[in-house]
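For reference, the structure discussed in these notes is given below.
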Amino acid sequence: MLRTHNCGELRLEHAGQQVVVCGWVDTYRDHKGVLFVDLRDRYGKTQVVFSPNPESPDQDGALMETARSLRAEYVIRVKGIVERRPAGTENPKLATGEIEVRALECEILNRSLTPPFMPGAPDLPGEDVRLRYRYLDLRRPEMQRTLLLRHRMIKLMRDYFDALGFIEVETPMLGRSTPEGARDYLVPSRVQRGSFYALPQSPQLYKQILMVAGYDRYVQIARCFRDEDLRADRQPEFTQLDLEMSFVQADDVMAVVEGLMERLFREVLGIPLTLPLPRLTYDEAMQRFGHDAPDLRFGMELIEVSDIARECGFRVFREAAENGQRVRGINASGAAAGYSRKNLDELTEWLKQDFGVKGLVWFKTEADGNLNSPTAKNFSESHLQRIAERLEARPGDLLLFVADAFEVTCRALYALRKRFGAELRLYDPSAMHLSWIVEFPMFAVDEETGGWTAMHHPFTSPRPQDRPLLRKDPAKCRAQAYDLVLNGSEVGGGTVRIHNQELQQEVFQLIGLDPAQAKDRFGFLLEALQYGAPPHGGIALGVDRLVAIFSGADSIRDCIAFPKTQRAVDLMTGAPGEVDAKQLRELGIRIEK
């Protein structure tokens, strides 16, 4: 090894020892001819002191000349003696802050150009610059702590499942295109020209095949790929904790995941987690919070006032209620004084532009309990009083209402609730709240075709009591599905799978796949289900998203070593890039621009 110690491990007990340390020059200071260098590696920092030695001027002159040539991000190797820092110069912010290394020798292992930004600087450049020079960004202590946290969380996951008898099985990266919701990334075959592999959106079908094969407890830290529009919590390639179990029901899978989360909370965050986790049905979550992944760290639930609206004199409310739409609102407690008419007009425009609402109706609760608003004149005193009572209004509260289709009120009021929760600081940002959302609908309406599409995926089993509804009323059929929600983000989703070939065919037909199409896309699965498939279920947890929440990062890009931008571009390598004509000819591909 080129070093005897790293830059984070030297302490007072090493005083008097000769050591060798290697790292990057973090900072450089010259105090009256004595040079101080903070040497940095991923373990920490060590202060190195270069001071003239009159007793050996020749050797000392070379050492000091080398020291004076050092610049930020040079890679150096220093041999020296560990000494206690002079009294009053200790640095309590550093683990090595009580010692320094007095340099005897210094070797420059590599020089550096002037970096576009300093890894140790408090002010960061824009994300494009950070991603362009990712190798510099990854030197930042914050990034190193996050990737170390990721490593530790994945190790805890593997240890936990190993103790429970799960085995890790790797599934193929090159498989058949079986569209499961998002677009596939396609890989052309040179040998089978005109044919394509697909990168896996998930190992879903392979892990079900493993259950048929008798591997009753499977787990994998799986790489997955989806060619879809990106945002802060999406990447074209991502990592998920994937697991599947045989001879289980939904509660069994959920219990295993709860045990994992309890361990992660305890060992990583030092937070006790009370089990079992709370559960909400999908219908309850949509009614109370407008979303199937609600943030339960604070209240501000959505309140229905359609019955009052149907009787009131305000035409917008009355007509919406009479036409089968919904009138719902939230109480932003104590927010009346902080939101001017201009602020509320801006909120209204935001909701119109982003969520398609027709308008926003608001009331401010006065000191006497009365509701004040430009629209208040359209309501009788009794209707205003009933609205105030329904929303438990207190002086200083701001009440906001949307009248529209149920789905529109959900989207708009969920966004308002989320925004007010942050702006009014209704929760501790470091707090953690886990819950399950269960009993999802089996199907949703496909907006393009008007037919049915699977809410989760087409391999999800209905609740046994809802099996007759598949033919009678698919809209009311509920699935054996469960999502894990942490602080308003879905961090995991799973289902009990269909293990019967006839039932699987029935579901395929409901979502518009005739027998020929089903056989073409999923023939191998349908065949496997006829060879003794056991009851089975599983779940996938988003590793990137879990690490982001545990580390407090705003984006999963800060939890991935080499992420893509929102346009799916790797700014460091320039991927995706063009390939030469010879490669395209070998694949039988012509590019049309």
Report task. Report Rg(Cα)/(2.2 N^0.38 Å) for region 413-540, keeping two decimals. Result -> 1.30
Query raised in the report: Using heavy-atom solvent-accessible surface (probe 1.4 Å) with all chains present, what is the largest-first order of H151, H536, H456?
Result: H151, H456, H536
**Report entry** Cα-derived Rg to Rh of region 121-180, Kirkwood definition
**Finding:** 1.19
**Report entry** As computed over region 61-176, the Cα convex hull volume per residue (Å³)
**Finding:** 233
Report task. Take the Cα atoms of region 98-146, build their convex hull, and give its volume per residue in Å³. Result -> 129
Query raised in the report: Under the rule of -39500 (n - 2.57) per DSSP H run of 4 or more residues, summed and divided by the residues of the chain, what mean residue ellipticity at 222 nm is obtained, to the nearest 500 deg cm²/dmol?
Result: -9000 deg cm²/dmol
Report summary line: For region 452-554, averaging the sequence separation of alpha carbon pairs under 8 Å that lie six or more residues apart and dividing by its residue count, the contact order in percent is 28
Report task. Please give the direction-averaged projected area of the C-alpha convex hull for region 246-292, in square nanometres with one decimal. Result -> 4.5
Report summary line: Ordering W362, W452 by the accessible surface of their heavy atoms, 1.4 Å probe, largest first, yields W452, W362
Requested in this report: State the Cα centre-to-centre distance between region 411-482 and region 53-128 in whole Å.
Outcome: 56
Requested in this report: Calculate how steeply helix 406-423 sits against the longest principal axis of the alpha-carbon atoms of the chain, using the helix alpha-carbon long axis, and give the answer as 0 to 90 degrees to the nearest 10.
Outcome: 30
Query raised in the report: lysines near K377 by alpha-carbon distance under 30 Å, same-chain residues fewer than 8 away left out - which ones?
Result: K342, K352, K358, K364, K418
**Report entry** Over the chain, relative contact order from alpha-carbon pairs under 8 Å, at least 6 apart, %
**Finding:** 13
Query raised in the report: Could you give the accessible area per residue of the chain, probe 1.4 Å, as a whole number in Å²?
Result: 51
Query raised in the report: In the chain, what percent of the accessible surface is made up of carbon and sulfur (1.4 Å probe, ligands and nucleic acids excluded)?
Result: 49
Query raised in the report: On average over all directions, what projected area in square nanometres does region 245-399 have, based on the convex hull of its Cα atoms?
Result: 13.3
**Report entry** Between 0 and 90°, nearest 10: helix 381-390 axis offset from the chain longest Cα axis
**Finding:** 50
Query raised in the report: For helix 501-510, what angle does its Cα long axis make with the longest principal axis of the chain, in degrees from 0 to 90 and rounded to 10?
Result: 80
Report summary line: Accessible-area order for F289, F225, largest to smallest, probe 1.4 angstrom, reads F225, F289
**Report entry** From the C-alpha gyration tensor of the chain, square roots of 5λ in Å
**Finding:** 52, 37, 23
Query raised in the report: How large is the charge dipole for the chain, taken about the Cα centre, if only the Cβ atoms of Lys, Arg (+1) and Asp, Glu (-1) carry charge, to the nearest 20 debye?
Result: 700
Query - Candidate lysines for bridging to K93, where Cα separation is under 16 Å - those fewer than 8 sequence places away on the same chain excluded - result: K45
**Report entry** Directionally averaged shadow of region 1-96, computed from the convex hull of its alpha-carbon atoms, nm²
**Finding:** 6.6
**Report entry** 10 Å-binned pair-distance histogram of region 332-448 (Cα, whole percent)
**Finding:** 11, 36, 34, 16, 4, 0
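The values are calculated or read from the model by the stated rules, or taken from the named source; none is laboratory data. Everything numeric here is computed off the predicted structure, so don't read it as measured data. No Cβ is skipped: glycine too gets one built from the backbone with ideal geometry, and neighbour counts run over all protein chains shown. Heads up: the accessible areas ignore ligands, DNA and RNA and are worked out on the full protein's heavy atoms, side chains in. Shrake-Rupley method; radii C 1.70, N 1.55, O 1.52, S 1.80 Å.
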